[in-house]
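To start, the structure under review is shown below, and the notes come after it.
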Amino acid sequence: MEGMSLILFLLIGAIAGWLAGNLMKGGGFGLIGNIVVGIIGAFIGGFLFGLLGISAGGIIGSLITATVGAAVLLWIVGMIKKA
């Protein structure tokens with residue numbers, strides 16, 4: 001991965017994690033937490049979008065995919081914490 005690609009990947013992860021944190025919980029998780037949630041969310045979102053046959057390209061598509069996946073991740077974690 002090139003330097004700029006890595007920076008863009010981390011930036012999308014941070015923004016997606018922050019957006020998902022605001023949507024699901026009402027706040028972010030700090031820079032590192034947002035990046036981790038966003039990166040894991042990107043994998044979950046990519047998997048879910050693949051199952052549904054949805055393709056989202058470009059930076060905006062990547063951000064949407066990662067945000068949806070991060071929101072699903074936070075929802076699952078919330079359900080586990082309640083149990």
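Please treat every number below as a calculation from the coordinates, not as lab data. Given the structure is predicted, the values throughout are model-derived calculations rather than measurements. We place every Cβ from the backbone using ideal geometry, glycine too, and count neighbours over all the protein chains shown.
Quick notes on this one:
- Reported count of residues in region 29-58, each being outside any helix (DSSP H, G or I), farther than 15 Å from Val77 by Cα and in contact with a helix residue (DSSP H, G or I) (Cβ under 9 Å, 6 or more places away or on another chain), is 3.
- Of the residues making up region 41-74, those that are closer than 14 Å to Ala14 by Cα and surrounded by 19 or more Cβ atoms within 10 Å (Cβ to Cβ) number 11.
- Test result for Gly61, part of a helix (DSSP H, G or I), within 12 Å of the chain's Cα centre (by Cα) and not polar (S, T, N, Q): yes
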